[in-house]
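Colleague: Sharing a structure with you now.
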Amino acid sequence: MRHRGPRTRGARRPRRWLPRPVPALLGRRPRGAPRARGVRRARPRRGLLRPARRVEAAPVSGGPLRLAVLVSGSGTNLQALLDAPAAPFEVVVVGADREDTGGVERARARGIPTFVCRVADHPDRAGWDAALARSLATHDVDLVVSAGFMKVLGPQVLAAHRVVNTHPALLPSFPGAHGVRDALAHGVRVTGCTCHWVDAGVDTGPVIDQRAVRVEDGDTVETLHERIKVQERAMLVEVLTRLASDRSWR
Ligand code: GRF
């Protein structure tokens, strides 16, 4: 029980189970000591880069952030990453869930290692998840980017990697494989794109950034998606630049 009565000189502190933390070792000012001039009290940061779950801060490594990019389609988001000038990140491998994707072609054209991991080549989804995790494990990546990858990632990949996804709608509205079509069908006048951390759900993880795009009269799924993708590519490059600069999310 805590000692509450007046403490007389020399009276012993009640024993605690744990040693008291030493403020200096924690980078804190000892109780009662004056605050240094010009030093502001550190406040918990709640920036857009902060994922919902608590993660330990990791030291910022000197090199570029090593990215694995997962694709299923044409790979224009991947191309934006490859073309980003003086980027603090580097695409070290590109993976696809099907043969003959434009994304894999774009990677090959740059001499970047690629792999294809098809669900159909495995007895079940868990086997595919394990195979994808093995493919990624051979490339020493810091972050996985799902850039038009049309599969829900499994628990093995998610346990081994932080994953960022880009989605062509303003989440939490219109999640899933048809975000552009669903937004248009709903009649919204503004939609856009979202970059978010991936969790076990479908487009449910914490939002990192978003861009708004107006729906124009006469828009089709294709015309609207093309305008969204212009914003999406810029957003993805910007988000990854920020994540490469502040690696406290690791
Ligand atoms: C992007 O709009 C992405 O959000 C969606 O599919 C599109 C992929 O485009 N899931 P690309 O393959 O990067 O050109």
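Colleague: Based on what the data block shows, is Arg134 closer than 20 Å to Leu240 by Cβ and among the basic types (Lys, Arg)?
Modeller: It is false that Arg134 is closer than 20 Å to Leu240 by Cβ and among the basic types (Lys, Arg).
Colleague: Note down all Cβ pairs under 6 Å where the first residue falls in region 232-247 and is aliphatic (A, V, I, L, M), the second is crowded, with 18+ Cβ neighbours inside 10 Å and in a helix (DSSP H, G or I), and they're at least six residues apart or on different chains.
Modeller: Cβ pairs passing all conditions: Leu236/Asn77; Val237/Ala80.
Colleague: If you check Asp199, Asp203, Asp217, Asp182, which single one turns out to be within 14 Å of the ligand (Cβ to nearest atom) and open to solvent by 40 Å² or more (accessible area, probe 1.4 Å)?
Modeller: Asp182 is the lone residue from the list that is within 14 Å of the ligand (Cβ to nearest atom) and open to solvent by 40 Å² or more (accessible area, probe 1.4 Å).
Colleague: Could I ask something else about it? Consider only pairs whose beta carbons are under 8 Å apart and that are at least six residues apart or on different chains; among these, list those whose first residue lies in region 187-204 and is more than 18 Å from Gln156 (Cα to Cα) and whose second residue is assigned to a loop (DSSP other than H, G, I, E, B) and among the polar types (S, T, N, Q).
Modeller: Sorted first by the residue in region 187-204, then by its partner, the pairs are Val188/Ser173; Thr191/Ser173.
Colleague: Taking the stated definitions as given, is Glu226 of a type in the set (Asp, Glu), at pLDDT 95 or above and touching a strand residue (DSSP E or B) at 6+ places or on another chain (Cβ under 8 Å)?
Modeller: For Glu226, the condition - of a type in the set (Asp, Glu), at pLDDT 95 or above and touching a strand residue (DSSP E or B) at 6+ places or on another chain (Cβ under 8 Å) - is not met.
Colleague: Does Ala126 fit the bill of being part of a helix (DSSP H, G or I) and open to solvent by 20 Å² or more (accessible area, probe 1.4 Å)?
Modeller: Yes, satisfied.
Colleague: When you look at Ala177, is it within 15 Å of the ligand (Cβ to nearest atom), within 28 Å of Asp83 (Cα to Cα) and out of contact with any Leu (no Cβ under 7 Å at 6 or more places or on another chain), yes or no?
Modeller: yes
Colleague: Here's another thing I want to ask about it. Being part of a strand (DSSP E or B) and either within 16 Å of the ligand (Cβ to nearest atom) or under 26 Å from Pro88 (Cα atoms) (or both) is true for just one of Val145, Val152, Val141. Which residue is that?
Modeller: None of the other options fit; the residue is Val145.
Colleague: Pairs only if they're at least six apart or on different chains, beta carbon under 6 angstrom, first in region 141-158 and under 15 Å from Leu81 (Cα atoms), second assigned to a loop (DSSP other than H, G, I, E, B) and more than 12 Å from the ligand (Cβ to nearest atom); list them, first residue then second.
Modeller: From residues that are under 15 Å from Leu81 (Cα atoms), the pairs are Leu143/Arg162; Val144/His161.
Colleague: Select from region 77-121 the residues that are more than 16 Å from the ligand (Cβ to nearest atom) and open to solvent by 50 Å² or more (accessible area, probe 1.4 Å) and write down the one among them that is nearest to Cys195 (Cα to Cα).
Modeller: Glu90
Colleague: Would you confirm, using the coordinates I've provided, whether Thr241 is in contact with a strand residue (DSSP E or B) (Cβ under 9 Å, 6 or more places away or on another chain), more than 11 Å from the ligand (Cβ to nearest atom) and not in a loop (DSSP other than H, G, I, E, B)?
Modeller: yes
Colleague: Is it the case, given these coordinates, that Ile208 is within 12 Å of the ligand (Cβ to nearest atom) and among the β-branched types (Val, Ile, Thr)?
Modeller: Against the criterion (within 12 Å of the ligand (Cβ to nearest atom) and among the β-branched types (Val, Ile, Thr)), Ile208 does not qualify.
The values are calculated or read from the model by the stated rules, or taken from the named source; none is laboratory data. Model, not experiment: these values are computed from the prediction. With ideal geometry, Cβ positions are generated from the backbone for all residues, glycine too; neighbour counts draw on all protein chains shown. To get the accessible areas, we keep the full protein, side chains included, count just its heavy atoms, and leave off ligands, DNA and RNA. Shrake-Rupley method; radii C 1.70, N 1.55, O 1.52, S 1.80 Å.
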